[in-house]
Structures are given as structure tokens and as C-alpha cells.
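Participant: The structure follows.
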């Protein structure tokens, strides 16, 4: 080998060494104990209900602190959400109602394609309420009391003689339960299930209440409605005569404070694409720990109802929640980092 050749070879080896050294920080970050998700892109998927985005933004904060590159969330209805997760079109959601959405989960492949991970919100309630004044004046305690035409007419908003029930959007799952209840309790001739844009319908319902009219509506907790129409102060929960659910699984708990509300007392869970969960133990561990109280989500939703309802507002609310719960949040991150080792 000539001197020139030897010099050229040394330059090549030197450049290769420099190049390999320059890659070390990148690979070091990818394997970093602090950021086990470095280099991994994650696609969340959320429902179209803006009031449910808060918990998703809290989850995104944590995943980013773990190093994941979190993309802009996709939005769709719940049944489509499960299918998207099953096919890998999205990686995770924090919006699976364990009981209410069980059929959606199963039809998308269930445990073969998806992984449930922890309880994001415990003790989620659903049911029917009427204004307290009308309830006490006419001794109305049960949804089935509306079988009486004279009782149903008290809640007639459009003059057709039937009670107007502010109900549930198509695609949410709760609309199927409401329709089933109206049939099961013999209410189809006296009650109309009004479906459409839920929060627009509820705005009209609240306006009628403020004008002194009788109101009948479906709602769930947590969200802001119960901060405006406060149970036991402004409104009361109606009981059902017995549990009767569309899937026939009537042995679930449907009671709250001694009242049978007719809907399973539910939990909201995180759910992940199975392959993504297996390949990303840190993300799986983190999402299995994230938990927000019904009171905290209801309080955030009330801020939205009062005007702080843009995506930037919701992200700020999430950042404020994380700051207020920093100690707990850090324990979730520590456990997630340990899971990646």
C-alpha cells in the first residue's frame, strides 16, 4: 500500500468513526431510561365530544414526557374508534366505557386485537333526571311513572301530548339503552326520545328549566351538566322499576345512593392497539395508571361551558391538572420507565 493510499484509508476510517460517534446520542436517546419512547410516533384517537378531550390531553402530556412523538389526535365515534385501534390506524384512546361500549370492543376483535389498560375514570354514572319541583309536586320517583299520560304531559315541550326526553346522540351507545328502556318499561306511547346534538338540546332544556318549565333528560357524570343542574338541589335522578339492559346482562351494578338508575355504573378505561401495547411497555404502563376523578373532569367541563372551550384552553387545563398532581404524575412516569427496562 502506498503512502497516499494509506492516508486515504486512514481518512475513511476516521470519517466512519466520527459518523458512528455522531450517531451515539441519537441511539442513546432511543434507549434512554428517562425517555424510553424516544423516536416512536403515537397516534391517539378520541371521540368527537370536546368535553371528553381533557383526559386525553393529560395522557398526551405524560407520553411526551416519556419521549413519545404524539401526533394530533384523530376524532370519530366510539364504534369506529375501536375498529381504528384494532387495525392499527390509531394507537390508543382513553375513552372506552367498559360496560356501555362492550359490544363495540367485542366486534372490533376484543382481546385478540386490543388491550384494556387501567381505569381512567371510576364511578361513571348515567341516568334520567327531572326537575325537583315537578318531582315533589307530583310524587314522581320512577321513569315508569311516565306511563301515565297526565304525568307525561307535564314534560311535553312540543304540544304532542308526549313527554320530551332530551336523549343521546346516535353512535354514542347510550341511545340504544334509552330506546330499549322505553320499550321495556312500556313508555313508547308516552315518551319521545329526542336525539341530535346533545349539548344543543341540553342548552334548550336548561333554558326551559330557567323559565320554570318541567324538564326530563338523560345525562352522565362526569361532565358540566351536573354543575348547572345540580342533583338534589335543582333536579333528581329517576329510578327504574328493575334493571333491563339491551344485552340481557342484568346482574351488573346499576345502583347509586340506593337508587336503581337503569344503567351500569361504569368505568372509563384506556385501550390500546395490541401490537402497539406489546412493543411499547412504557406507554402501556403509563396509560394503565392515568386516573382522573369525576369531580376533576366535571370541574374542567364547567370551565368549557363558561367559555374556555378551545383546544388551546383544554390543553392548558390539562397542563394545570398535571402541575397540581405533579407528585402522583411523577410516580406514574417512574413506573413507566421501569417497565421499559
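The values are calculated or read from the model by the stated rules, or taken from the named source; none is laboratory data. All figures in this text were calculated on a predicted structure; none of them were measured in a lab. Glycine also receives a Cβ, built like all others from the backbone with ideal geometry; neighbour counts cover every protein chain displayed.
Participant: For residue 236, indicate whether it is over 23 Å from residue 81 (Cα atoms), at pLDDT below 95 and in contact with a helix residue (DSSP H, G or I) (Cβ under 7 Å, 6 or more places away or on another chain). Reasoning before the result, please.
Facilitator: On the way: over 23 Å from residue 81 (Cα atoms): yes; at pLDDT below 95: no; in contact with a helix residue (DSSP H, G or I) (Cβ under 7 Å, 6 or more places away or on another chain): yes.
When the stated conditions are applied, residue 236 does not pass them.
Participant: So which residues in the stretch 315-336 are farther than 18 Å from residue 270 by Cβ and touching a helix residue (DSSP H, G or I) at 6+ places or on another chain (Cβ under 8 Å)? Spell out how you get there, then give the answer.
Facilitator: Here is the first cut: in the stretch 315-336, the ones farther than 18 Å from residue 270 by Cβ are 315-317, 319-320, 323-324, 326-327, 330, 334.
Once the filter is applied, which keeps residues that are farther than 18 Å from residue 270 by Cβ and touching a helix residue (DSSP H, G or I) at 6+ places or on another chain (Cβ under 8 Å), the stretch 315-336 yields 315, 317, 319.
Participant: Give the number of residues within the stretch 128-151 that are in a strand (DSSP E or B) and either touching a helix residue (DSSP H, G or I) at 6+ places or on another chain (Cβ under 9 Å) or within 19 Å of residue 213 (Cβ to Cβ) (or both).
Facilitator: Just the residues of the stretch 128-151 that are in a strand (DSSP E or B), to begin with: 128-131, 142.
Applying the additional criterion that residues be either touching a helix residue (DSSP H, G or I) at 6+ places or on another chain (Cβ under 9 Å) or within 19 Å of residue 213 (Cβ to Cβ) (or both) yields 128-131.
Residues in the stretch 128-151 being in a strand (DSSP E or B) and either touching a helix residue (DSSP H, G or I) at 6+ places or on another chain (Cβ under 9 Å) or within 19 Å of residue 213 (Cβ to Cβ) (or both): 4 in total.
Participant: For the stretch 193-204, does any single residue satisfy the condition of being at pLDDT below 95, closer than 30 Å to residue 286 by Cα and touching a helix residue (DSSP H, G or I) at 6+ places or on another chain (Cβ under 8 Å)?
Facilitator: no
Participant: Here's another thing I want to ask about it. Going by what's in this entry, would residue 302 be described as touching a helix residue (DSSP H, G or I) at 6+ places or on another chain (Cβ under 6 Å) and modelled with pLDDT under 95? Before the answer, list the steps.
Facilitator: Details: touching a helix residue (DSSP H, G or I) at 6+ places or on another chain (Cβ under 6 Å): yes; modelled with pLDDT under 95: yes.
Yes, satisfied.
Participant: For a quick check of your reading of the model, give me the residue pairs whose first member lies in the stretch 186-197 and is under 18 Å from residue 170 (Cβ atoms), whose second is part of a strand (DSSP E or B), with beta-carbon atoms closer than 6 Å and at least 6 apart or on different chains.
Facilitator: 191/163; 191/165; 192/164; 193/165; 194/164; 194/166
Participant: Oh, and also: Of the residues in the stretch 262-273, how many are in a strand (DSSP E or B) and closer than 19 Å to residue 123 by Cβ?
Facilitator: 6
Participant: A follow-up question, please. Quick check on residue 306: is it loosely packed, with under 14 Cβ neighbours inside 10 Å and assigned by TED's automatic domain parsing to the domain that holds residue 223? Break it down into steps so the answer makes sense when it comes.
Facilitator: On the way: loosely packed, with under 14 Cβ neighbours inside 10 Å: yes; assigned by TED's automatic domain parsing to the domain that holds residue 223: no.
In short, no.
Rundown of residues vs (1) at pLDDT below 95; (2) under 22 Å from the mean Cα position of the chain (by Cα); (3) on the phi < 0 side of the Ramachandran plot, yes/no style:
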position: 17; (1), (2), (3): yes, no, yes
position: 27; (1), (2), (3): yes, no, yes
position: 35; (1), (2), (3): no, no, yes
position: 38; (1), (2), (3): no, no, yes
position: 43; (1), (2), (3): no, yes, yes
position: 55; (1), (2), (3): no, yes, yes
position: 67; (1), (2), (3): no, no, no
position: 80; (1), (2), (3): no, yes, yes
position: 86; (1), (2), (3): no, yes, yes
